[in-house]
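The values are calculated or read from the model by the stated rules, or taken from the named source; none is laboratory data. These figures come from a predicted structure and were not determined experimentally. Using ideal geometry, Cβ is built from the backbone for each residue, glycine included, and neighbour counts are taken over all protein chains shown. When the accessible area is computed, the model is the full protein with side chains, heavy atoms only, and any ligands, DNA or RNA have been set aside. Shrake-Rupley method; radii C 1.70, N 1.55, O 1.52, S 1.80 Å.
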Amino acid sequence: MAVLLLAEHDNETLNDATAKTVTAAQAMGGDIHILCAGSDCGAVAAQAAKLDGVAKVLCAKDAAYGHDLAEPLADLIISLAGDYDHIVAPATTNGKNVIPRVAALLDCMVISDISAVHGPDTFERPIYAGNAMATVKSADPKKCITVRGASFDAAGEGGSAAVEEIGAVANPGLSEWVEDKVVESDRPELTSAKRIISGGRGMGSKENFEIIEKVADKIGAAVGASRAAVDSGYAPNDYQVGQTGKVVAPELYIAVGISGAIQHLAGMKDSKVIVAINKDEEAPIFQVADYGLVADLFDAVPKLDAAL
Amino acid sequence: MKVLVPVKRVIDYNVKVRVKADQSGVDLANVKMSMNPFDEIAVEQAIRLKEAGQVEEIIVVSVGVTKSQETLRNALAMGADRAILVEATDNVENDIEPLAVAKILKAIVDEEQPGLVLMGKQAIDNDMNATGQMLSALMGWPQATFASKIEMEGDSAKVTREVDGGLQVISVKTPCVMTVDLRLNEPRYASLPNIMKAKKKPMETKTPADYGVDVAHRLTIEKVEEPPARKAGVIVGSVEELVEKLKTEAGVL
Ligand SMILES: Cc1cc2nc3c(=O)[nH]c(=O)nc-3n(C[C@H](O)[C@H](O)[C@H](O)COP(=O)(O)OP(=O)(O)OC[C@H]3O[C@@H](n4cnc5c(N)ncnc54)[C@H](O)[C@@H]3O)c2cc1C
Ligand SMILES: Cc1cc2nc3c(=O)[nH]c(=O)nc-3n(C[C@H](O)[C@H](O)[C@H](O)COP(=O)(O)OP(=O)(O)OC[C@H]3O[C@@H](n4cnc5c(N)ncnc54)[C@H](O)[C@@H]3O)c2cc1C
């Protein structure tokens, strides 16, 4: 019994979604081997080797793995799969892209976005935008799984696993990377932030978003958005929180000018403390908020900024 | 080039689902069902490619109960040319797993030879986010998932993908599978004349057995429960009170 765990990284730093996935993997049973695949991921492999509970790190360095293209990455995982009962990855866009492909190649059903492990073959996962929790049992010989980071604590960093360099497999050459359009930011990343302040359609414009960005910088928070805010061009797509965006569970989530549609709640309702600022006292967001403030955000947010 | 668009009939996104008391699933009796919103976007994209002269024929497929006909008619009314209904179950609560759906779609792709399969990135009922990637694997084709922009360029396509860090642009060879994200386009509404016309468009009915696919589940649902409810909160009177409570009561500032 062993678990192969695909690391999430950018060739420089290991994303903490990996450490959270290690915690989930520990409950599946067996040795945990982390696979770092990238163009030059030696530093990432060294970070992965420090995670508690990891027995070995496999490091595959090749240009073909530099941009997380699904086809070469899936072929690499398949070449290793024989030794493992569980093949897991964080439920990041990268994990969601590659793991179902691996599962189909192994003739197994994928188990996406699990939120709890009840045993080697039994898992809990949210369905219907988190309005129901399903416990599913897999009859497949290998379990291919993606793990919801917001549901697990990160593994500690007291380990010292061995790092083994492994070779690349032939690149099928079906797709090519063209470019990344990434906005650099000094703010914490949404999925690992302890505090988040999100804006919705009520923000009214991209410029107005600055008032919540100021609050974010004051309290060290990440900035999020509803789909309506992203669709309207007030915020970039990677800010979207919800069923089809990012799932977050920070200690503090402040929703500003967000009505609280079920698709948005799906992404944030497991936050420890939820604050809602909305001028409509009937807004559904107040049903999940621990603290609600019925107020015009253009009045309340600058006051909040001043009070912090 | 032909385009294949798989469309799934799901609970309408406005419906608040209820978990059944016996924990066997969610209540789907007498609730409003609609086309999966992502699939409407895929159909719309196929129609735009056809309008741009890059596609000759749009075939829509649905795997599920007989009533999935309605979903297919809706796609035909939007502008698809013909439909294939694969009747895989007579129980609306028996959802066919992505692996089985992908195997059926593979058989259809082998028969129809489309240059492109456009599908939703996820179905909003089970949120698996898997069928497109699985079909692409079974075909040995490239996959371009979570697409927010698609530019066809001869025998390849440039696709902008919504990823965690922002956007990634990749180039894939055709034939390929693309799964679409929300911001790709705004689907049109079917006009009344087109709804009438759609009734005359061809719809074939098949079964999984016709394609030699076993739809038995690999995953069994042990139980379906309500998520834990949040305890009721309080309405505060002012920003000062809010900050005070966050500092002392909640301890998060
Ligand atoms: C398939 C599908 C997937 C989806 N996925 C997501 C998802 O991942 N994430 C997501 O967020 N949505 C998602 N949605 C969209 C979702 O249904 C809602 O449309 C969206 O969340 C609404 O965003 P909003 O709350 O910002 O806007 P609105 O619903 O328009 O709410 C705006 C709120 O701002 C308040 N307001 C306005 N002005 C002020 C002011 N001056 N001061 C204070 N309050 C003010 C209003 O009272 C209102 O409550 C999805 C929808 C579909 C169909
Ligand atoms: C009430 C209920 C009962 C269930 N019971 C069981 C059970 O008893 N045992 C069990 O193992 N599982 C059961 N399931 C789970 C189910 O079998 C799968 O987990 C589910 O199919 C996941 O896929 P998805 O629809 O989320 O696909 P996704 O991979 O998210 O879908 C992506 C895209 O694929 C295409 N697509 C997907 N399905 C179809 C389709 N049928 N026709 C055409 N196109 C399609 C669409 O383009 C769609 O946008 C049940 C689910 C529900 C809701």
Three semi-axes of the equivalent ellipsoid, chain B, Cα gyration tensor, whole Å, largest first: 36, 24, 19
Entries in A:194/B:231; A:218/B:247; A:194/B:247 that, when Cα-Cα distance is taken, lie over 18 Å: A:194/B:231
Diffusion constant of the protein assembly as shown at 10 °C, which comes from Stokes-Einstein with the Kirkwood Cα-pair radius and 1.306 mPa s, µm²/s: 66 µm²/s
Just add up the charged neighbours of residue A:204: K/R +1, D/E -1, any other residue whose Cβ is under 13 Å from the Cβ of residue A:204. 0
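Note down the net charge around residue B:184, summing +1 for each Lys or Arg and -1 for each Asp or Glu among other residues with Cβ under 11 Å from its Cβ. Could the numbers behind the result be given before it?
Details: positive: B:48, B:121, B:149, B:161, B:183; negative: B:40, B:44, B:162, B:181, B:186.
Net of charged neighbours comes to 0.
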Listed peptides B:75-85, B:30-40 by packing density, highest first (mean Cβ within 10 Å): B:75-85, B:30-40
What order, most packed first, do the peptides A:16-22, A:236-242, A:213-219, B:153-159 have when packing is the mean number of other Cβ atoms within 10 Å of each residue? A:16-22, A:236-242, A:213-219, B:153-159
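Partner chain Cβ atoms within 10 Å, averaged over the residues of B:215-221 - can you pull that number for me? It would help to have the intermediate numbers written out before the result.
Working: counts 0, 1, 4, 11, 14, 6, 5.
Going residue by residue through B:215-221 and averaging, the value is 6.
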Over the Cα atoms of the range B:81-138, what radius of gyration and what Dmax do you get, in Å? 11.9, 33
Report, to the nearest whole %, how much of the accessible area of chain B belongs to carbon and sulfur atoms, 1.4 Å probe, protein only. 49 percent
Which value, in debye to the nearest 20, describes the size of the charge dipole of chain A about its Cα centre when Lys and Arg Cβ atoms bear +1, Asp and Glu Cβ atoms bear -1, and nothing else is charged? 700 debye
Compute for chains A and B the buried accessible surface, both sides summed, probe 1.4 Å, and express it in Å² to the nearest 100. 6800 Å²
For the range A:185-195, Karplus couplings with θ = phi - 60° (6.51, -1.76, 1.60), whole Hz, Gly/Pro x: 8, 8, 6, x, 6, 3, 6, 10, 5, 7, 9
Leaving out ligands, DNA and RNA, what percent of the accessible area of the range A:1-62 is carbon and sulfur, probe 1.4 Å? 46 percent
What is the set of long-range amide H partners of residue A:132 at a cut-off below 5 Å, with H atoms built 1.01 Å from backbone N? A:127
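Could you report the protein assembly as shown's accessible area per residue, 1.4 Å probe, as an integer in Å²? Mind showing how you got there, number by number?
Details: 22020 Å² over 561 residues.
Dividing the accessible area of the protein assembly as shown by its residue count gives 39 Å².
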Rounded if a/c is under 1.5, else prolate if a/b beats b/c, else oblate: with a ≥ b ≥ c from the C-alpha gyration tensor eigenvalues square-rooted, which is the range A:229-292? oblate
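Need one value for A:102-112: mean number of C-beta atoms belonging to other chains within 10 Å of its residues' C-beta atoms. Please report the intermediate quantities before stating the final value.
Working: counts 3, 8, 14, 4, 1, 4, 4, 10, 11, 4, 7.
The mean count of partner-chain Cβ atoms within 10 Å per residue comes to 6.
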What does a probe at residue B:93 reach in the range B:214-241, counting residues whose amide N is under 15 Å from the point 7 Å along Cα→Cβ? B:221-226
Using the Karplus curve 6.51 cos²θ - 1.76 cosθ + 1.60 with θ = phi - 60°, what ³J(HN,Hα) values do you get for each residue of the range A:110-127, in whole Hz, with x for Gly and Pro? 7, 10, 8, 6, 6, 10, 7, 10, 9, x, x, 10, 10, 9, 9, 8, x, 10
When the convex hull of the C-alpha atoms of the range B:1-82 is computed, what volume per residue in Å³ does it have? 91 Å³
According to the square roots a ≥ b ≥ c of the eigenvalues of the Cα gyration tensor, what is the shape class of the range A:66-187, taking rounded for a/c under 1.5, prolate for a/b larger than b/c otherwise, and oblate for the remainder? rounded
Reciprocal mean inverse distance between Cα atoms of the range A:127-253 - Kirkwood radius, Å: 18.2 Å
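About its Cα centre, what dipole magnitude does the protein assembly as shown give when the only charges are +1 on Lys and Arg Cβ and -1 on Asp and Glu Cβ, stated in debye to the nearest 20?
Details: 57 positive and 81 negative charges, 255 e Å.
Approximately 1220 debye in magnitude.
Rounded to a whole number of µm²/s, how large is the Stokes-Einstein D of chain A at 4 °C and 1.567 mPa s, given Rh as the Kirkwood radius over C-alpha pairs?
Details: Rh = 20.3 Å.
Result for D is 64 µm²/s.
Using the crude model of +1 on Lys and Arg Cβ and -1 on Asp and Glu Cβ, and no other charge, please compute the dipole size for chain B relative to its Cα centre, in debye to 20. Intermediate results must be reported in sequence, preceding the final value.
Numbers: 32 positive and 38 negative charges, 97 e Å.
So the magnitude is around 460 debye.
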Mind checking A:243-249 for the average number of partner chain beta-carbons within 10 Å of each residue's beta-carbon? 3
If one computes P(r) from the Cα atoms of the range B:171-253, what percent of pairs lie at distances over 20 Å? 78 percent
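Would you work out what percent of the accessible area of the range A:186-269, with all protein chains in place, is carbon or sulfur (probe 1.4 Å)?
Working: 1310 of 2990 Å².
The nonpolar share, carbon plus sulfur, comes to 44 percent.
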